[in-house]
Amino acid sequence: MNPEKIDFYNLGFNFIETKQMFISNFKNGKWDEGKLISFGPFEISPAACILNYGQGIFEGMKALKSKTGDITLFRPNENAKRLNISAKRLLMPCFDEKGFITAVKNVVKANKDYIPPYDSGGALYIRPLMIGDGPILGVSPAEEYKFIIYTVPVGPYFPEGFKAIDLEISKEYTRAAPGGTGFVKTCCNYAGTMKPAKETKSKGFAQIIYLDASNMEYIDEVGTANFFAFIDNKLTTPKLKGTILPGITRKSVLEIANTNLGIETEERDISYKELFKESCSEAFCTGTAAVITPIGSITTDNEKRVFNNGEPGDLTKKLYDLLTGIQRLDIEDKYGWVEKI
Ligand SMILES: Cc1ncc(COP(=O)(O)O)c(C=O)c1O
């Protein structure tokens, strides 16, 4: 789409085609050097491993424009590392981490006319994607792969201001089981969450809080975001135990809460029952898309807990201002997380 035709002040989170994408092919045991090409379709064998057995992994990140016009990325080395953790779990070839960051920067530069302006609150969403495209019949890894990076301009998560969302705890669906693939960003983890998400949305909830598959008691995560609650004045989040995606926003929030706001943090199992007690004062979820999203209420099959009259909590707002301030370079980045392109 011609960038001049895009209304950057009214974007949602929908696919819009940009100009260029990066593509690298893995053949005969190695990646080629990769190149930027026009965004567009490519041919794929119907027997490709990704099409038949879902051998695909991806990442999600954002390029932002600062007030002074700099183009920035947030902790891209963490996405590079996580991609390779996903690759190893799915027996896919790793991609050089420095090469990943260079390719991401080149794709962003090639699509710089699509980065929403600072005052729109939007971002250029970046989608690195690796697929097993070699043909296969038995269930085993492909021998050929593609690594692609494309971009999409997206609007702010809160177009009408910072608002709390209502969530439902599912006692019916689970997202990941011990020993499975919940801790990596593989395509097949997401297909199964579409039906639960559709059903909960039809009931008026924004998303589902998934419980652990073994006990149906401890919180895993929220759709495509990690879960946090202030319990006994501690910022508490489910510990990583193989069923939860280790979010980069999660890791950053734990660090800024502790080192910037002096809040005690804890990673442990959280029973959903704790959310219905007075000792739990605020809750929110985190992610590249969700940034920090306050939770206004949590509902189970027989109970509802409303936090702070459905308004964002004070500590949640403080963390949001701090994180987005650092990401947008409005606040000094003393952590060295923001990389200028
Ligand atoms: C299942 C899931 N959990 C959590 C997250 C948040 O991770 P991050 O903060 O790295 O975007 C995401 C999004 O990437 C996700 O898909």
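Taken together, the values in this text are just the output of simple stated rules run on the coordinates, not laboratory data. The model shown is predicted, which means the values in this text are computed figures rather than measured ones. Methodologically, a virtual Cβ is constructed for each residue, glycine included, from the backbone with ideal geometry; neighbour enumeration extends over all protein chains shown.
A few points about this structure:
- For region 294-311 versus region 93-162, the inter-centroid distance based on Cα atoms is 34 Å.
- For the chain, share of DSSP beta bridges that run antiparallel, in % to the nearest 5: 85
- Dividing the summed -39500 (n - 2.57) terms of all DSSP H runs of n ≥ 4 by the residue count of the chain sets its mean residue ellipticity at 222 nm at -6500 deg cm²/dmol.
- Three semi-axes of the equivalent ellipsoid, region 165-327, Cα gyration tensor, whole Å, largest first: 23, 18, 15
- Fluctuation leader among Ser38, Ser170, Ser120 - the chain, Gaussian network, Cα springs under 10 angstrom: Ser38
- In range of the label at Asp119: residues from region 50-69 whose backbone nitrogen is under 19 Å from the point 7 Å along Cα→Cβ: 64-69
- Of the trypsin sites (Lys or Arg not before Pro) in region 236-324, those whose Cβ has at most 12 other Cβ within 10 Å and which sit in DSSP loop: Lys239, Lys277
- Ordering Ile209, Ile231, Ile331 by the number of other Cβ atoms within 10 Å of each residue's own Cβ, fewest first, gives Ile331, Ile231, Ile209.
- Paramagnetic reach from Glu264 in region 196-240 [backbone N under 18 Å; point 7 Å along Cα→Cβ]: 229-239
- Counting only Cα atoms, the size of the chain along its three principal axes is 58, 51, 36 Å, in decreasing order.
- Spin-label model distance (nm) - Leu240 vs Phe13, 7 Å beyond Cα toward Cβ: 2.1
- The Ile331 and Ala47 beta-carbon pair, evaluated with R₀ = 51 Å, returns a calculated FRET efficiency of approximately 0.50.
- Pairwise centroid distance, computed over Cα atoms, of region 11-32 with region 179-209, Å: 24
- Highest GNM mean-square fluctuation among Leu51, Leu137, Leu90, for the chain modelled with Cα contacts below 10 Å: Leu137.
- The slack in the chain from Asn309 to Ile341, taken as 0.36 nm per residue of separation less the alpha-carbon distance, amounts to 7.3 nm.
- Isotropic mean projected area of the C-alpha convex hull, region 262-320 (nm²): 4.9
- Here Asn233 and Leu91 are evaluated by their C-beta separation; at R0 = 51 Å the FRET efficiency comes out at 0.70.
- Shape category assigned to region 3-154 from the gyration tensor of Cα positions, a/c cut at 1.5: prolate
- Within region 1-105, chymotrypsin sites (Phe, Trp or Tyr not before Pro) in DSSP loop having at most 14 other beta-carbon neighbours inside 10 Å: Phe13, Phe15, Phe42
- Taking every alpha-carbon pair under 8 Å whose residues sit at least 6 apart, the chain reaches a relative contact order of 18 percent.
- Sorted by Cβ density within 10 Å, fewest first, the residues Glu4, Glu311: Glu4, Glu311
- Region 160-203 residues near the modelled Ser271 label - backbone nitrogen below 19 Å, point 7 Å along Cα→Cβ: 169-172
- Residue-span extension gain [Ser38 to Ile101] - 0.36 nm each, minus C-alpha spacing: 20.7 nm
- The alpha carbon gyration tensor of region 108-155 gives principal lengths a ≥ b ≥ c with a/c of 1.5 or higher and a/b greater than b/c, which makes the shape prolate.
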